[in-house]
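The block underneath contains the structure these notes are about, expressed in structure tokens.
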Amino acid sequence: MSRTVPHRRTGSGSPLGRLWPQATAVVLFVVFAFPVYWMFATALKPTPDIVSETPVWFPTSPTFDHITKAVDADGFWTFVGNSLTVTLIAVGLSLVIALLASFAVARMRFKGRKSFILVMMMAQMAPWEVMTIAYYMIVRDADMLNGLPPLIAIYTVMVLPFTVLTLRGYVAAVPKELEESAMVDGCTRTQAFLKVIFPLLAPGLMATSLFGFITVWNEFPMVLILNKDPGSQTLPLWLTGFRTTFGDDWGATMAASSLFAVPILILFVILQRKAVGGLTSGAVKG
């Protein structure tokens, strides 16, 4: 009499099935987090530990000399002010324009609506580096090189397609009945949008603002080509300045990179929950 040997379960409900996704997540976390850790750790190491042939994995005797050197570098606060000005204005303008455009695309039916959405998708997929020469010629002919306004205009256009597409999906996810009920109660369309629709768009606005902030804050090629005057440059160019006749100053470079990354990390920590919800909602609805 033969006995049936039960098969070992390896599906998602078994311990083995639950183990490999978690192990994969841990490996990916280590791969992506280690460069960030190494950057911050190197910023705190003394120079002998940085140039040692034997890797020093932990800063045994932390020092803030490299951070002080980065902060005291010529024009540091000017670069910080330029980056904040360009980033905040560009992101703010893109949100205002995209909010109006996404509401029109999601709520209204007009001729050319699908073509408009297609153009936005094509603009989002196109690499902006191919437009660098064209932008340079336009700004040069307008005699506006070495200024912040051209950067603000270009960065606004750069993040606008993604912002419109994301907010469109989020506006479409809000039931029309809410807006219609507000209008029945006496609100105009503008009042219904501001009092009913707009508060519900907070996750989508946070998601798009986070993406726009990261995009503009990290942008390098455009400012490198358009702004040769140090007084009108931004932090990405400032990071290239830690070089001496003896080579790269890795301690100061890592300290500068850490300072450059801190605003993005803080913003992401603050907005991460609503930002993730806004991205997923905007991606699957509308």
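The values are calculated or read from the model by the stated rules, or taken from the named source; none is laboratory data. It should be emphasised that the depicted structure is a prediction, and the values quoted were computed from it without experimental measurement. A quick note on method: Cβ atoms are made from the backbone with ideal geometry, for glycine too, and the neighbour counts reach across all protein chains shown. With ligands, DNA and RNA removed, areas are computed over all heavy atoms of the protein, side chains included. Shrake-Rupley method; radii C 1.70, N 1.55, O 1.52, S 1.80 Å.
Report summary: the helix-based calculation at 222 nm, which adds -39500 (n - 2.57) for every DSSP H run with n ≥ 4 and divides by the residues of the chain, gives -22500 deg cm²/dmol. Spin-label model, THR60/PHE34: points 7 Å from Cα along the beta carbon direction are separated by 2.2 nm.
One chain, two ends: ILE117 and ASP74. Fully extended at 0.36 nm per residue, the span grows by 11.0 nm beyond their Cα-Cα distance. Relative protection proxy for 46-56, 76-86, from highest mean packing down: 76-86, 46-56 (other beta-carbon atoms within 10 angstrom). Rolling a 1.4 angstrom probe over segment 139-258 with all protein chains present gives an accessible area of which 63% lies on carbon and sulfur atoms. Largest GNM mean-square fluctuation among ALA173, ALA252, ALA207, using the chain with Cα springs under 10 Å: ALA173. Carbon-plus-sulfur accessible fraction, segment 81-131 (probe radius 1.4 Å, protein heavy atoms only): 77%.
Per residue, the solvent-accessible area of the chain (1.4 Å probe, heavy atoms of protein chains only, all protein chains present) comes to 60 Å². Annotation: extensible slack from CYS187 through ASN146 equals 10.1 nm (criterion: 0.36 nm per residue apart, minus Cα-Cα distance).
For segment 27-90, the Stokes-Einstein estimate of translational diffusion at 25 °C and a viscosity of 0.890 mPa s comes to 174 µm²/s, using the Kirkwood hydrodynamic radius over alpha-carbon pairs. The mean sequence distance of close C-alpha pairs (under 8 Å, at least 6 residues apart), as a share of the length of the chain, puts its relative contact order at 29 percent. Peptides 154-163, 224-233, 57-66, ordered by how many other C-beta atoms sit within 10 Å of their residues on average, highest first, read 154-163, 224-233, 57-66. Screening the chain for whole DSSP H helices with an alpha carbon extent of at least 20 angstrom along the helix axis and a mean Kyte-Doolittle hydropathy of at least 0.5 yields 15-44, 76-107, 148-173, 202-218, 250-284. Out of every Cα-Cα pair that the chain contains, those further apart than 22 angstrom amount to 70 percent.
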